[in-house]
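Since every read-out is calculated from the coordinates, none of them should be taken as a lab result. The shown structure was predicted, so the numbers you read here are calculated from the model rather than taken from an experiment. Here Cβ is always computed from backbone atoms with ideal geometry, including for glycine, and neighbour counts include all displayed protein chains.
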Amino acid sequence: MNPADPSPVPRLGILGGSGLYDLDGLTDTRWVHVDTPWGAPSDEILLGRLGTAELAFLPRHGRGHRIPPSDVNYRANVAALKSLGVTDILSLSAVGGLRADLPPGSFVVVDQFIDRTTQRARSFFGTGLVAHVSMAHPVCARLGDHVAQALGGGSAPWVRGGTYLAMEGPQFSTFAESQLYRSWNCSVIGMTNWPEAALAREAEICYCSVAMVTDFDCWHPEHDAVTVDTIIRVLLGNAERARGLVSTLAGAITGDAQGAACGCRRALDAALITAPAVRDPLVVQRLKFIAARVL
């Protein structure tokens, strides 16, 4: 598929664990390899169909969880999904809880981020073609509405709205850091959703982050009582609920007549600042992979 030609049919991309694509009713499945100007994504991408819905699954850490958070090629992941016609991304990730009212097993429909990462490429743009994309509201409210409606019909506890603290890792936070992030009114802490959300905005893809709480972060007095077995049990339960969310959301995206007019699709309209006459032709050619609409 030519990345310059957006798919006429909505396609839901899922970024998350390998087990999310084990869906009842998923047909026409095939793994495809995608190369991008920013390198290879974390793995091949599984394309499939659920009823009339088109889906694309990308294991964020690769199948078998081979890639640590700081080494994930976030630009390649988002660019690869864009090239396959993905119009909406559902990001699913395991996180630690920073609030007492978000116990393990809770789902949080994230609406804000604080970036504490230090080692990651944060933008597709740079020298030769500069762009400044608004991130005041970093997730798609329309997609969030669909997610909230889907979660409302399930059994998992969930909340709409919350701030995701993105840390570098791979180590977990210190007690002092955990207390600091709580003082900032953060809801959850994780290692993967940034710069993922920012890159999806630059690629003009609607993006929604659902954080699945597996444990309390180290601030909690009972944190030391948490065992690996306990966390795995929560992960397995969350994965089952996440598969139900994907199935419901896929149908909602397909039937959403307002999706094509979503403002996320035009995030670059006022973002490019480099004068056309001095743009680097090689950079422009590379960026056409994700921004052909404005180039």
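Considering the stretch 144-174, and only residues there that are among the polar types (S, T, N, Q) and part of a loop (DSSP other than H, G, I, E, B), the residue that is farthest from residue 14 (Cα to Cα) turns out to be 174. Would a scan of the stretch 210-219 turn up a residue that is of a type in the set (Asp, Glu) and in contact with a strand residue (DSSP E or B) (Cβ under 7 Å, 6 or more places away or on another chain)? Yes, some residue in the stretch 210-219 is of a type in the set (Asp, Glu) and in contact with a strand residue (DSSP E or B) (Cβ under 7 Å, 6 or more places away or on another chain).
Residue count for the stretch 249-287, restricted to those that are crowded, with 16+ Cβ neighbours inside 10 Å, assigned to a helix (DSSP H, G or I) and either at positive phi or not hydrophobic (A, V, I, L, M, F, W, C) (or both): 5. Taking the numbered list (1) within 26 Å of residue 82 (Cβ to Cβ); (2) of a type in the set (A, V, I, L, M, F, W, C); (3) surrounded by 13 or more Cβ atoms within 10 Å (Cβ to Cβ) in turn, residue 231 passes all entries but (1). If we scan the stretch 93-109, do we find a residue that is part of a helix (DSSP H, G or I), in contact (Cβ under 8 Å) with a residue 40 or more places away in the chain and either crowded, with 20+ Cβ neighbours inside 10 Å or touching a strand residue (DSSP E or B) at 6+ places or on another chain (Cβ under 8 Å) (or both)? Within the stretch 93-109, none of the residues are part of a helix (DSSP H, G or I), in contact (Cβ under 8 Å) with a residue 40 or more places away in the chain and either crowded, with 20+ Cβ neighbours inside 10 Å or touching a strand residue (DSSP E or B) at 6+ places or on another chain (Cβ under 8 Å) (or both). Of all residue pairs spaced 6 or more apart or on separate chains, those with beta-carbon atoms under 6 Å, a first member in the stretch 114-140 that is under 16 Å from residue 283 (Cα atoms) and a second member that is surrounded by fewer than 18 Cβ atoms within 10 Å (Cβ to Cβ) and not hydrophobic (A, V, I, L, M, F, W, C) are 128/280; 129/274; 129/279; 130/274. Can residue 175 be described as aromatic (Phe, Trp, Tyr) and farther than 23 Å from residue 76 by Cβ? In short, yes. With respect to the conditions (1) farther than 24 Å from residue 233 by Cβ; (2) crowded, with 21+ Cβ neighbours inside 10 Å; (3) in contact with a helix residue (DSSP H, G or I) (Cβ under 7 Å, 6 or more places away or on another chain), residue 150 lacks only one, and its number is (1).
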